[in-house]
Structures are given as C-alpha cells and as structure tokens.
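To start, the structure under review is shown below, and the notes come after it.
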Amino acid sequence: MRWLRQGGIAGFIIRRLMLGVLVLVLVSILVFAATQALGDPARAILGRDATPASLAALRAELNLDQSVLGQYFSWAGGLLQGDLGNSLAAQQPVTELLGSRLVNSSVLVLCAAVISIPLSIAIGSWAALRREKAFDTVSSSVMLVLAALPEFVVAVLLVMLFATTVLQVLPAISPVSPGQRPWQVPEVLVLPTATLVLAVAPYVARIMRASMVEVLESDYVEMARLKGLPERTVLIRHALPNAIGPVFQVIAINLAYLAGGVVVIEYVFNYSGIGSALQDAVVNQDLPVVQALAMLIAGVYVVLNLLADVATILVTPRLRTRL
Amino acid sequence: MTASSASGNETNGHDQTGSWLSAAVSRRQFFVGAGGAAVLAGLSACGGSSPSTSTSPSATGSPKRGGNFRLGVTGGGAKDIFDGQNIITKPDQARLVSAFETLLTFDDEYQLTNDGLAEEVTADSPTQYTIKLREGIEFQNGKTMTADDVIYSLQRIGTEGNGLTGFAATASMDIKGLKKLDQYTVRLPLKTADSTIPQTLASYTFGIVPVDYEAYPSPQIGTGAYKLKSFTPGQESVSERNPNYWRSGEPYFDTVTITNFADSTAQVNALLGGQIDAMTDLPASQVQVVESRQLKSLISKTGGWVPLCMAIDMPPFDDNRVRQAMRLIVDREAMIQQIASGYGFLANDLYAPFDDGYNEDLPQRTQDIDQAKSLLKDAGMEGLTVDLNTTNGAAGMVSLATVFASQAKEAGVTVNVKNVPNYYGDDYLKLAFSVDFWGTRGYLNQVQQGSLASSPYNETHWPPKSGEGSNFESLYAQALAATDDSKRIELQHEMQKLEYEYGGYIIPFFGSLIDGYSPEVQGFSPSKGTLNLATFGHGYRTIWFG
C-alpha cells in the first residue's frame, strides 16, 4: 500500500477513487436500508388493492423472498451490471424510463455550468480588482439579492419578463417532446438555463471575489508587481491560479446541487428531467426508480467532489508538491 | 364519475400534483352519472333518430378545420395508461375520450342522450335490456363496429381479473349471458333489477373497444374522433384526426397534443405564453389573471362533493345527537368562500343534485351554534374533542378540515386535524371522522358506491343495522326495481330523508370545475358532467380554432 500513499497525483486520484467507491457502497447500504424501513414494500406499493396473488408476485419481483443480505446483493449486483430493475409504476425498465430524462437534465446542468462558471469567475475577479469601486459595489449587491432569492422566484420573474407579461419573446415552458433532444429545441433551454445561472453564479462569484482579494494582498503578488511584470501577467499567471482553488469546491457543491435539486426548475418550466421523475417515484412508492436515482445523484456528488479536489490540487503548487 | 370530478374541483386554488391525484383516482372504481332512470323511456322513444352532428356549437362562427390543439392537463406521471375502458390519472381521462366512445352519452345538463354508439337502449323488463347499435360505424382501422365488439367490451370490463375501473358497476349484469341477437343488436340480461344500467353504459370508462382489444402498448383503436399516433406516459401524447369519423363534418383539428403538467404555475404560464391552447384545473385565484389577459375561463358547476364523514357506529358519532350537532356547527356559505373561493353552490348534506329524484323539500341546514351546544349537552358530550383525518388528495380536502375545526371552536368542540400522507391505506374506511371526495353521479349509483353495507367505499358505515334507517337497503332494492319513475322518485326521497336525519355525511357544498383556454378556441360551453373542459370539448369534436 506504500505506493498508494505516494505516487504523486495519480496515486492521489486512485486513493480518492477508492474512497468514492467506499462512499457509494455505504450510500447503497443506506438506500437499501431505507427501503427496508418501509416494512413490507410490496404491501406499501399495492396499498388497498393488494391481493395475496399480487403480493406474492411483487415480492418475487422485488426478491423479497430472499434473506435481507441476499436481497441487498442481488440488487447491488444488478446495479453493477447496469440492471436497475423495472419501474413498478410504469412497468418498464428503469433505464428506459430515465434515459431521456437523464439526457435532458444533464444538458441543462451542463449549459448552466458552461455559462455560470466563467461568468462568475470573471465577475468575481473583476470585482476584486475594482474593490470598493462602483462595479464591485453594484455587483456585490446584485449577487447578494440574487443569492437570497429562491430559484422559483427567479424563474417566475424571468417568465414574466420574457415570456408572458412584459415581453413575449421566449417560450414560457420548456417542453422537450419524447424522442426529441433538448439541443434540437435550443430556445426552450434559455430561461431554465438563465435561472440556474442566476442561482449558481452569486455563490461562485462571491467566493471568487473573496479569494481574489486575499491573493491580491499577498506578498507574492506584491513581489510580482514590484518585479515590474505586466499587470496582465500578474493576474493571470500569479493571482488567478492561487485564488481559484477554493472556488472549485464551491462550483462542485453547486453543480452537485443542481444535479439533484433542479426539481423546482423542472416544475416551473414543465421540463422533463430526473428531478420530477424522482418526486413522482417517491409518491408512487416506485422503489426501483427511487433507488436508481438516489444512487445516481450520490454518484454525481462523489465524481464532482473528486474532480474539484483534483483541480484544486493541480492549481495549488503547495498542495501539488506535497503529494 | 366520482374521482375525477372531485379531484378536478380546483375550487380553492390549491394546486394538485398529479401523483396524489393518481393515488386517489385509482382508489375509486367506477363512474356513472345522474339523470335517473326516467330517461329510459325517452331513450327508447328517440330511438332511431339520426345523431346530431355537433352537440353544442354555442360559439360564434361556423366551425373551421385545421390546426394542432395543444392541451395541458394537471397531474399524471409514470403511472399514466392508455386504455379505452380504464383510467388512473387525469391525463388518462383526457386521452381516453379522444379515441373511445360510449353507447350512450350525457349532455351538458348531465341528462342521458342517445347520441352515442347505440341508437337505443331499451329495458325489456326490469332484468333485461336490449342494445341496438347505430349501423355503419367503423373503428379507426376500418373495421365495422358490431354486436361482437359490444359483447367483448362489456365482458372485458366485467372480468374482475382485468382490474378495470368499471368492474364494480357490472355487478348487476349477467356478463356471461350477453347475447348477440343480430349484427347490430345485443341482449343484456341482469342478475338483479337495475334501473341505472343506461347511466352505467354512458359513463366514459365504458368505452366500446374492438374484439381482442388490449391496453397500450397494443394499438389503440376506437371509434373516436382522434387516433393515437404517439404516447409517452408521464409526458405527452399526439393524436391525429380520424378521417373516417362517423359524425359528419367532425372533428375539426388535424392533431391533438396532450401534455402532462405537474404544476399549475407552469400550466398558466404556458397558456399566457401561448404554448398551449387550453388547460385543466385553473386555480380559482388565477381566474382574474387569466381573464385580464384576454384569455377565457370555463366554469362548470358540477355535482362533485367533498364530505366530512362520521362513522355512525363509532363513538362519539354513534349518538345521532352528536351527528346533528356537527351538522349545525357548519357555516356552509363561509366554507364556499374560504374553501372554494366562491365557486361552488350550497348543499344540504345530500348528494346527486342533478338527479330527478333529488329531495329539495328538506329544509336547508344552516349554522346554529346554540342548538348544536344543547344537543351536545343532551348527549353528555360538552367540550368534545375529536380527531379529523384528511389528506392532500383532492383539492379542498385539507382546507375543509381546517375550516371546520375553526368553526367547531365556537361550539366548544376541539377538532384535531390529522393530515395523513398514506390516507387510503389500511385505516381508510375504519375512521370515526374523516374527509373524502366524490364526483357527479346519479343518486342510486352513488348509493351503490358509498351507502350500502356492500359498497366499496362506505366511509360512514351507513345504513344502521337497527332502528331508524335500517330499512334503507330494502328501499334501495325497491327503487332499482321500480319501473314507474314517480314511484322511484318517491322511494329516493324517502331514502334521502333518512340520510338527512340519521346519516353520517356532512356535505357543505358542491364544487366547480374551472378550466382555462385561449379565445382562439371556439365551441366550449359549461357542462355539469364529470370531466374537465366540458368532457374535453366532447372528445375534441365540438371545438375548433376560430
């Protein structure tokens, strides 16, 4: 195991990957235990329509006739092979049910990330450079207000502004027909993406500004300036890489939040993604779908955190060299 | 039908997320309307008349053809189905009526008409009906509709293992004894006398399907105005105009697109933004908003109701004085305002207001706190404390409970409202005091569903085994067998008087269905029926783009 403790960045990634797998295993046990806590899931699912025959059939389908440990392993085994079981409500494979919704959600989160990350880094850095000047004051107040507004308020305001009341230039809802992909109807992505950008950007911009302010006051930036380096080089080569480290963590947390928490956006825009599927599945007590989505969202958290840690280490010389 | 209309009572502006609705709808079994058996004679008399080409084109201008009608429906989800004889969610209702039709129909006044697939339905005797089909009607695949299809359809519903919503309503039918008399005539024998058969045949889950029909994903072939092109449960369906439709001239749209909405905010925005042409269940609070934007609302006063249910055999309600006291606590007018935003009409603890046998002679109950207090005192129940169980099911179920709790304080009664998530689980129908919901239907049909010992959903445990009201079941049997309308009405009045004086329901008001649509759409008119948007524009046939 010694090589693991060394091995530079590669060793670090491998260690973190193993940790991530461990986390997912623990999550899978938790998810599975939560299903057990329902008592007899078959009865919970069938409710008052339960007949002995349908109960027996469902128990067999859910492998409830096996021991608890056996049930866990057959579920986890299926999970590893990409077999997520059948949705109880829709009577079709979970992968089929969630496939296009997963694409829809990913596209939305990706659009939001691609726009919000550079934008908020730019705004935060610029605000730090113009500290306590007009741009800083204005952007800081605006960011504070936006951070305080719940997403659905932002969404409803945007809809009123651009789709229903003031202007009617953009679609008020974002339907993606079955068989269609979101990029085939890019106009429906505008308002949901804008809402998510406005939801995420304030946090990232504020941490970017704080981090940048700190770095700009540091000795090495002063040193660089005294050396007579052009301001451009000082900022991009010396200040930015050092300031951005903590920002990656905030970005990762925000993106992970988006992956699991865009239900509100999906409701307001009637966008069919995994958030509304999860809500529907919980109400229907559709265990295979709930389990699949819980594992998926946990996986997104693990991967994003891993990426953030790696990125932080890569841009922070002190951490990089310590490996 | 029961569930849909009650659940569609968006009278209090609460938005109703679909999945709760689905749970609630699937709980209920079958759907039949009012009108009473009186129409029977009329039906036979009208037999043979040609169908009207448009049921209610009250709007301006003559119908025009073309366009894609986009409807947003509240609720639905992964549980959505497409079946000519079954529904689980509200979008299922919207889709069913696009492709499937019934033998008889209800008009906008909720009276039976023979405008459907049958030319006439005649009672040969109290225990035998003859169904005469309209000739020359073709299914969407070109196959002619015959007696065989009707027999298959009724037997499909009447087979318990199929689990269809209409099964309970076939209890009196001798399903195995169905007989083809000729190509277009079917004999329907009954096991027991049942004068409500025509209403049953007109309920929308009694759609006529071709022999060997099966639910989606099998092909959906009905006689309806639109043929299913694509369907994704939880999302949307697209249907195309049936070029071979039997009513001349209809329908008018080229396509009908039905989209699920989990949330009414998105629905209203889509309507305001012009992305849909009509929506179900416009929240009452949004009626003004929508109308101020030159959009339209369709307000249909239905017979849907949300009752407080007292189990007459469980303490403290096993004492009729307590039941009467509870009824006198209720301020009905205030409830209409607070729970239904004014969109509702006064009820008198009786159901089925559109039935010809509805008893209007009984005095309207009003709030009388003093009398309530003195009744409670007589019963030794001063300062009573009770639990009232409810759930976020149909709109108004929770607010009814909370408003009642606050009104009860005046009479010194403490009502603890319990909002139970898994309400329709093991405890349902075993509670002393609970809230439920029902839709428009005829009196005798409703009694069969909720007020007999054999009823599937008897919340109040009515009728009592002894004492006042114990003759209720025998009155019911007499009413079903009555061939004379005045006799039946007389019996119904007697039954309602018993329920009014000794029953367990508190019914404060009847709700309304409120829907929204674009002024581009012509042909909508309010309906007392159970489905939204006046039975979805009568199966999308009687509406068009102006």
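A few comments on the model shown:
- Most positive-pole-ward Cα, B:THR366, B:LEU346, B:LEU429, against dipole of the range B:303-510 from beta carbon charges: B:LEU429
- Rounded Å value of the spacing that divides the Cα centres of the range B:64-101 and the range B:163-204: 25
- Listed residues B:VAL322, B:GLY383, B:GLY303: farthest to the positive end of the dipole of the range B:303-510 (Cβ charges): B:GLY383
- Spatially proximal lysines relative to B:LYS301 (Cα-Cα < 25 Å; intrachain offsets below 8 disregarded): B:LYS90, B:LYS497, B:LYS528
- Calculated from backbone phi, Karplus (6.51, -1.76, 1.60) coupling profile of the range B:307-322 in Hz, x at Gly/Pro: x, 8, 10, 10, 6, 6, 10, 10, x, x, 8, 6, 9, 4, 5, 5
- Residue with peak Gaussian network fluctuation, chain A [Cα springs, cutoff 10 Å], from A:GLU266, A:GLU151, A:GLU231: A:GLU231
- Per residue value of the accessible surface for the range B:303-510 (all protein chains in place, 1.4 Å probe), Å²: 36
- Helix B:18-27 axis, angle to chain B major axis (alpha carbon atoms, nearest 10°): 80
- Charged neighbours of B:THR366, selected by a Cβ distance under 13 Å, balance to -2 (K, R count +1; D, E count -1).
- Taking Cα centre as origin and charging only the Cβ of basic (Lys, Arg, +1) and acidic (Asp, Glu, -1) residues, the dipole magnitude of the range A:74-205 rounds to 280 debye.
- Stretch gain in nm, segment A:VAL114-A:GLU96, where the contour uses 0.36 nm per residue and the Cα spacing is subtracted: 3.7 nm
- Rounded to the nearest Hz, the phi-derived 3J(HN,Hα) couplings of the range B:466-479 under the Karplus curve 6.51 cos²θ - 1.76 cosθ + 1.60 (θ = phi - 60°) are 9, x, 4, x, 6, 8, 4, 5, 6, 4, 4, 4, 5, 5, where x marks glycine and proline.
- The dipole here belongs to the range B:454-546: it is taken about the Cα centre, uses +1 on the Cβ of Lys and Arg and -1 on the Cβ of Asp and Glu, and is about 240 debye.
- Partner shielding of B:270-281 amounts to 4, given as the average count of beta-carbon atoms from other chains within 10 Å of each residue beta-carbon.
- Couplings for the range B:377-393, taken from phi via the Karplus curve 6.51 cos²θ - 1.76 cosθ + 1.60 with θ = phi - 60°, read 5, 4, 7, x, 10, 4, x, 4, 10, 9, 8, 10, 8, 8, 7, 6, x Hz in order; Gly and Pro are left as x.
- Degrees separating the helix B:397-409 axis from the principal Cα axis of chain B, which is the longest one: 20
- All other residues whose Cβ lies under 12 angstrom from that of B:HIS493 are scored, Lys and Arg at +1 and Asp and Glu at -1, for a net of -4.
- Interface between chains A and B: roughly 2300 Å² of accessible area buried, both sides summed (probe 1.4 Å, protein heavy atoms only).
- Counting Cβ atoms of other protein chains within 10 Å of each residue's Cβ and taking the mean over peptide B:66-78 gives 2.
- Calculated [222 nm] ellipticity per residue, helices only, for chain B: -8000 deg cm²/dmol; basis is -39500 (n - 2.57) per DSSP H run with n ≥ 4, divided by all residues, nearest 500.
- C-alpha center-to-center spacing [the range B:403-456, the range B:296-329] in angstrom: 7
- Cα shape, the protein assembly as shown, gyration tensor, a/c 1.5 rule: prolate
- Helix B:90-99 axis, angle to chain B major axis (alpha carbon atoms, nearest 10°): 30
- Extension gain, B:ASP361 back to B:LYS176 (0.36 nm per residue minus Cα-Cα distance, nm): 62.4 nm
- Counts of other chain beta carbons within 10 angstrom of each beta carbon in peptide A:97-106 average 1.
- Ordering B:ALA405, A:LEU258, A:ASN86 by Cα displacement along the dipole of the protein assembly as shown toward the positive end leaves A:LEU258 in first place; charges were set at the Cβ atoms of Lys, Arg (+1) and Asp, Glu (-1).
- Taking amide hydrogens as placed 1.01 Å from N in the peptide plane, the amide H of A:ASN86 sits under 5 Å from those of A:VAL94, each at least 5 positions away in sequence or on another chain.
- Label positions at A:VAL142 and A:LEU307, each projected 7 Å from the Cα along the C-beta direction, are separated by 2.7 nm.
- Kyte-Doolittle mean at least 0.0 and Cα axial length at least 24 Å: DSSP H helices in chain A: A:8-36, A:94-129, A:190-216, A:240-261, A:287-315
- Beta-bridge orientation, the range B:303-510: approximately 55 percent antiparallel, per DSSP, counting only bridges with both partners inside.
- Calculated FRET efficiency for the pair B:GLU382/B:GLU333, C-beta based, R₀ 41 Å, to 0.05: 0.95
- Rounded percent of accessible protein surface that carbon and sulfur make up, the range B:303-510, 1.4 Å probe: 48
- A:MET223 exposes around 110 Å² of accessible area when a 1.4 Å probe is run over every protein chain in place.
- Think of it as helices only: each DSSP H run of n ≥ 4 in chain A is worth -39500 (n - 2.57), and spread over all residues that comes to -23500 deg cm²/dmol at 222 nm.
- Only the Cβ atoms of Lys and Arg (+1) and of Asp and Glu (-1) were treated as charged; on that basis the dipole of the protein assembly as shown about its Cα centre amounts to roughly 3680 debye.
- Mean separation of Cα contacts under 8 Å, 6 or more apart, over the residue count of the range B:303-510: relative contact order %: 36
- Ranked order, B:LYS409, B:LYS176, B:LYS377, B:LYS296 - accessible area, probe 1.4 Å, largest first: B:LYS176, B:LYS409, B:LYS377, B:LYS296
The values are calculated or read from the model by the stated rules, or taken from the named source; none is laboratory data. Because the structure is predicted, anything quoted here is derived from the model rather than measured. So basically every Cβ, Gly included, is an ideal-geometry build from the backbone, and we count neighbours across all protein chains shown. Note: accessible area is taken over every heavy atom of the protein model, side chains too, but ligands, DNA and RNA are not part of it. Shrake-Rupley method; radii C 1.70, N 1.55, O 1.52, S 1.80 Å.
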